[in-house]
Amino acid sequence: MSTATLETEVRLVRDPSIDASIDIEQSETVAVLAEYDTVTAVMIAADKVRKAGYSRWDVHSPFPIHGIDPIIGIKPTILPWIVLAGGTFGMLAGLFLTIYTMATEIESLGQFSGYPYLISGKPLLSLPAYIPPIFELTILFSAFGAVFGMLLLNNLPMLYNPLFRNHRFKRATDDRFFVVIETADPKFDEYETVKLLRSTKPLAIERVED
Amino acid sequence: MATISNPLFIGGTEVDNTIDDPRQRSPLVLGGKDFKGVTDTVVAVQDKCNSLVWYVCFGISLSLLSCLVVTLGLLFSTGVGVWGNNQPVSWAFDIINFVFWVGIGHAGTLISAILFLFRQNWRTSINRFAESMTIFAVICAAMYPGVHIGRPWLAYWLFPIPNQMGMWPQFRSPLMWDVFAVGTYFTVSTLFWYVGMIPDIATLRDRAKTRVSYFIYSLLSFGWTGSVRHWHRYERMYLLLCALSTPLVLSVHSVVSFDFATSQLPGWHTTFFPPYFVAGAVYGGFAMVLTLAIPCRQWLGLKDLITMRHIDNMCKVMLGVGMIVAFAYCVELWVAWYSHYHYEQTHFLNRAFGPYGWAFMSLFVCNVFVPQLLWFKWARSNLIVVFIVANFINVGMWLERFVIIVTSLHRDFIPGSWGNYYPTPVDLFMFLGSFGLFFTLFFLFLRFLPVMAMAEIKSVMPQAHGHLPHDDHDDGHSHEDPKPALANGSTPAEDPKPWRGGNW
């Protein structure tokens, strides 16, 4: 199969075992995808798409491609700040927990009051002894910030995505790379966009139906 | 094309990728596999698990798990007296096994997090494996502190929640520190493990053969599409989690060592325990990883992904921490002599020549003398030798905790308090049962979850690197993608482009 030819843009018959329950009567094209099999090819394609001025588009790959961030124009994420916020919160939570419960007593609060233990004259505010719980809470909340921050910033879980209906796209998590340009993009034009993609010599160009 | 001058071309069939040749980086993925080859190999593991061997192994681990359930039932119904714990040896198998399992878990975090920070790309084949081992080991470990208290229905007293007595736990206690440390370690490791699996579960989703597996993998993969914008945040998160997990793993086993170090007992009361325990944990953990990896690579067809280089590197790390542990043993003995502290000296003489001297001597054989074989290349290249040495170390690490706990407790300051300890059958079967829990979870993991980090392996293969062609200056580079390793594992020796990161 020559890699330069354009495969048919008519959607192939879907695999019935997976899509049997989906209503296919009124589907519209929401995006156009182009498939590549090497990292360099997808980087060149991404460069062209960005230089052409598209804004609602993306590249999909089975692993993180090093060096593609400046090509696409991805700004550094704010995730590290979220992690810092989580860590600070954890540290303050740990400090509050240990100091409040071990070194204060407000009897009117009943069971929510602190309970200072008198243990052979040891100081109530023994911060060095409290370091382990405070440290662990710092790490715990930093990790929460990292994981849940990443998921939220990425809008995950997003269980529905029209891309999953495309049979070719299944190889996005295997060994192929995809450039996907949405039809909602202001510069999207059925002829021009496909022509641009075709000039990057993909393995195939297909519509993504919803 | 492979030529005789290529140092990796040996005989044309088996490739030795343990050679360190600065001219030619050894490939990490053998067998001429490309990206699809990696995916196929790892996804095929699930099919291989759908076999009689898996069912038999799973059946055995389930029966060991039932041992655990029965002994736990005995423990809850009858009390801690079913164990051999007594005065003075109030901590025995329960705490030995707790520290044993927590220690094993640490290797997984080291491989995942610390080796990532050191840019050791060879970790990508074993990190999923090792992280899973961590989670399952910590589950086995966390069971013990919960059940070893005399009234396990009061275990909720460990947690700082307002209660009817108006009391709070005592945060200065190492036992409370354990709650926070092991709890945080379990939570962070599980999050790290799960979030690391999301892209690979997405691969399983896209290769799902049945509606049920497609549905479940879709749910579990959160709708991951492999978007490069998502990967950007994902990579930042991964780096940050690794950076967080590193001090976490060092602190967790240090906190576990504080259970002993903050006491007054000779043999326990030493500042050397935190680094000693952490090194010991890594030692035992790597031994367990090797014990699992060597059969798995054979039976699950993973020889091209967990190559001899991986085994070689793991042996070297194990040897390194083993030397630290051996050093620690010598330091303990030297400090006992140098301090002229009568109780410490008596204790160590008792350790070596007292009623449990056999354990001390076996400990030295298992942890210090036998692993010295790993200095030799022939030993590291022989999988049977590596497997046997790893199991000696597993036994040795258990014995180390036995020696530390039981010998320090059974003879402390006043001879009138001295006593002896003998384990009961419940002790032994509960320990066996914990292996049942571990292996049950592990076999389930092999069957249903992505056994290797496919995305990470692909990202460290030579084909993963590409760059835009430079139009302004032509420096004679060929702009083709690097060719994959050939069938005999060697890479073509033409045009050696120095790409960053490489495939170590």
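Just so you know, all these numbers are worked out from the coordinates, no wet-lab data involved. None of the values given here were measured: they were computed from a predicted structure. In this analysis, Cβ positions are derived from the backbone assuming ideal geometry, glycine residues included, and neighbour counts consider all displayed protein chains.
Across peptide B:236-247, the mean count of Cβ atoms from other chains lying within 10 Å of each residue's own Cβ comes to 6.
Placing pseudo-labels 7 Å out from each Cα toward the beta carbon at B:PHE327 and A:PHE96 gives an inter-label distance of 4.3 nm. What does a probe at A:PHE112 reach in segment B:155-195, counting residues whose amide N is under 20 Å from the point 7 Å along Cα→Cβ? So the set is B:159-169. With the charge dipole of the protein assembly as shown set up from +1 on Lys and Arg Cβ and -1 on Asp and Glu Cβ about the Cα centre, the Cα lying farthest toward the positive end among the listed residues B:PHE369, B:VAL53, B:LEU68 is that of B:PHE369.
Peptide A:37-48 shows a mean partner chain C-beta count of 4 within 10 Å per residue C-beta. If a/c stays under 1.5 just call it rounded; otherwise compare a/b with b/c (prolate if a/b is bigger, oblate if not). Do that for chain B, with a ≥ b ≥ c from the square roots of the Cα gyration tensor eigenvalues. It comes out prolate by the Cα gyration axes. Taking a ≥ b ≥ c as the square roots of the eigenvalues of the alpha-carbon gyration tensor, the protein assembly as shown is classed prolate because a/c is 1.5 or more and a/b outweighs b/c.
Each part gets one Cα centre, and for segment B:91-111 versus segment B:212-227 those centres are 33 Å apart.
A straight line joining the Cα centroids of segment A:181-197 and segment A:88-153 runs 55 Å. Per-residue ellipticity at 222 nm, computed for chain A from helices alone with -39500 (n - 2.57) per DSSP H run of at least four residues, works out to -12500 deg cm²/dmol.
Each Cα pair under 8 Å and six or more residues apart adds its sequence gap; the mean of these over the residue count of segment A:79-153 is a relative contact order of 51 percent. Its relative contact order, with pairs defined as Cα atoms under 8 Å and 6+ residues apart, puts chain A at 48 percent. Computed from label points 7 Å out along Cα-Cβ, the spacing between A:SER199 and B:PHE413 is 8.7 nm. From its DSSP helices (H runs of at least four residues, each -39,500 (n - 2.57)), chain B gives a residue-normalised ellipticity at 222 nm of -20000 deg cm²/dmol.
Segment A:38-76 to segment B:269-330: how many Å between their Cα centroids? Computed from Cα coordinates, the inter-centre distance equals 40 Å. With a threshold of 31 Å on the Cα-Cα distance, the over-threshold entries among A:LYS170/B:LYS33; A:LYS51/B:LYS209; A:LYS75/B:LYS303 are A:LYS51/B:LYS209; A:LYS75/B:LYS303.
From least to most packed, judged by other beta carbons within 10 angstrom and beginning with the fewest, B:ASP20, B:ASP304 follow the order B:ASP20, B:ASP304.
Rounded, prolate or oblate: which fits segment A:103-157, taking a ≥ b ≥ c as square roots of the Cα gyration tensor eigenvalues, rounded meaning a/c under 1.5, else prolate when a/b beats b/c? In terms of gyration-tensor shape, oblate. Per residue, the average separation of C-alpha pairs within less than 8 Å and at least 6 apart gives segment B:350-440 a relative contact order of 26 percent. For peptide B:443-456, the mean count of partner chain Cβ atoms within 10 Å of a residue's Cβ comes to 1. Computed packing ranks the peptides A:181-189, B:173-181 as B:173-181, A:181-189, most packed first, by mean other Cβ atoms within 10 Å.
A Förster radius of 22 Å, combined with the Cβ-Cβ distance separating B:SER362 from B:LEU428, puts the computed FRET efficiency at roughly 0.80.
Please find the FRET efficiency linking A:LYS51 to B:SER51, where r is the Cβ-Cβ separation and R0 is fixed at 45 Å, and quote it to the nearest 0.05. Approximately 0.30, to the nearest 0.05. Listing B:ASP47, A:ASP175, B:ASP259 from fewest to most neighbouring C-beta atoms within 10 Å gives B:ASP47, A:ASP175, B:ASP259. Computing FRET efficiency as 1/(1 + (r/R0)^6) for B:THR271 and A:LEU84, where r is the C-beta to C-beta distance and R0 is 35 Å, gives about 0.65. Sorted fewest first by neighbouring Cβ atoms within 10 angstrom, A:THR77, A:THR173 come out as A:THR77, A:THR173.
This model, with +1 at the C-beta of Lys and Arg and -1 at the C-beta of Asp and Glu, gives chain B a dipole about its Cα centre of some 740 debye.
Our estimate of slack between B:TYR156 and B:SER213, defined as 0.36 nm per intervening residue step minus the Cα-Cα distance, is 16.8 nm.
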